[in-house]
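Structure first, commentary second.
Where a number appears in this text, it was derived from the coordinates with a stated rule and is not lab data. Since the model is a prediction, treat every value here as computed from it, not as a measurement. Ideal geometry is used to build each Cβ from the backbone, glycine not excepted, and the neighbour counts take in all protein chains shown.
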Amino acid sequence: LAYRDYLRLLPKTELHCHFVSTLSAARLISLADRYGVELPTTDPEELFAYDDLADFLVAFRAATDVLRTSEDLATTAYDGVRAAVIAGNLRYREYGVNPQYFAARGMGYREFLEPVIDGLRAAERDLGVGFRLVVAINRRESAGSAVELVEQMISHPYPEVVALGQDDLTPENTEDPGRFAEAYALAKRHGFHLTAHAGETATASAEDVRVAVDVLGVDRIDHGYRVLDDPELVARLRERQLPFATTPLSTRALSGWALDPGHRIARMIRAGLNVSVSTDDGVFFRTDIGREYSEGLFSFGIDAEGAKAVALAGIDGAFCDSDEKARLR
Ligand code: ES4
Ligand code: ZN
């Protein structure tokens with residue numbers, strides 16, 4: 001028990017956290033009620049249980065629809081930081097934000113991002129938790145609209161918006177990261193960091209991870225579990241120490257993977273890859289950054305030295321400047 005408390009209390013960063021999923025369950029349900037948004041079910045046992053990633057994304061999309069006003073966004077941002085400080089001693093977080101979900105409801109890029117940034121800046125001031133934002137391409141949308149999204153990043157710069165990523169799934173429920181090569185090339189030319197969800201679930205492969213690295217030129221991978229199916233790629237990415245932002249408890253919810261020493265994340269750590277851990281979608285997977293360590297890493301059989309290495313990987317792989325990294329170390 002003492003070791004699990006240590007894991008929970010260790011100072012932490014997380015690099016892979018979808019902004020919408022920092023909502024509390026109570027707020028998700030009350031906002032859905034206020035706006036008449038139909039959730040797949042209001043029974044929490046069912047609302048937070050999924051067959052797979054595609055099934056989960058139905059609930060995730062419904063949740064994006066309950067954040068309608070600037071106040072909804074700013075309050076969610078602020079309260080989400082406070083909850084993570086209490087749950088797991090969070091010190092720094094990178095959020096995936098997906099403006100295309102909000103654009104589909106008539107909310108513009110700045111109209112969406114500004115209250116999020118305001119709420120997170122207020123939390124940084126009050127609680128000392130730093131943050132950066134990763135603008136995520138919605139993979140359901142076209143390659144052309146992804147380029148338009150990057151053009152928005154370029155024409156409306158914010159100091160905290162430092163990277164391009166991609167989430168959701170294609171309409172065929174595949175990853176196909178290479179589809180967005182043009183958007184990634186444009187973002188890279190303008191100095192943004194690059195990451196991508198790749199190699200996550202059964203519809204993905206090591207090849208998706210390879211394409212994200214070799215075609216998109218990412219400097220980090222979200223998930224990446226399928227990399228283990230290609231030992232040569234593992235060797236290459238170990239050599240490069242390319243950061244993997246993994247999410248232990250999400251894999252149990254979406255892929256049914258038991259949290260034990262045979263888990264892909266445990267194997268990636270033992271293979272010498274650069275692995276950090278994050279919540280992905282806290283409210284939906286009923287997790288928080290404390291539990292990713294005290295339940296995830298603990299069940300993987302990671303010892304105190306190993307857990308410290310994972311926490312340091314979460315600083316090493318961050319897209320912030322070296323001053324912020326020095327503060328976190
Ligand atoms: C997501 Cl592709 C993917 N994986 C996990 N969580 C997500 N939230 C939105 N897209
Ligand atoms: Zn994710």
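Here are a few things to note about the model shown:
- With both labels modelled 7 Å from their Cα along Cα-to-Cβ, the residue 170 to residue 51 distance reads 2.1 nm.
- Histogrammed with a bin width of 20 Å, the alpha carbon distances of the stretch 2-320 distribute as 35, 61, 4 percent, first bin at zero.
- If you take the Cα centroid of the stretch 171-191 and the Cα centroid of the stretch 278-307, the two points sit 29 Å apart.
- Here the stretch 165-265 is treated as an ellipsoid with the same Cα gyration tensor; its semi-axes, largest first and in whole Å, are 23, 16, 12.
- Prolate/oblate/rounded call for the stretch 80-236, Cα gyration tensor, a/c under 1.5 rounded: oblate
- Proxy reagent accessibility, fewest Cβ within 10 Å first, across 276, 322: 322, 276
- Taking Cβ atoms as reference points and 10 Å as the exclusive limit, the residues near residue 174 contribute a net charge of -2, counting Lys and Arg as +1 and Asp and Glu as -1.
- Ranked by how many other Cβ atoms sit within 10 Å of their own Cβ, fewest first, the residues 47, 216 fall in the order 47, 216.
- For the chain, the longest site-free run once GluC sites (Glu not before Pro) in DSSP loop states with at most 11 other Cβ atoms within 10 Å are removed: 173-329
- For the stretch 47-144, the list of trypsin sites (Lys or Arg not before Pro) that fall in a loop by DSSP and count at most 12 other C-beta atoms within 10 angstrom reads 105.
- Reported to the nearest whole Å, the Cα centre-to-centre distance from the stretch 20-34 to the stretch 69-103 is 12.
- Cβ crowding within 10 Å ranks 325, 308, 12 as 308, 325, 12, fewest other Cβ atoms first.
- Based on Cα contacts under 8 Å between residues 6+ apart, the chain shows a relative contact order of 21 percent.
- Cα-based Rg of the stretch 192-329 normalised by 2.2 N^0.38 Å, two decimals: 0.99
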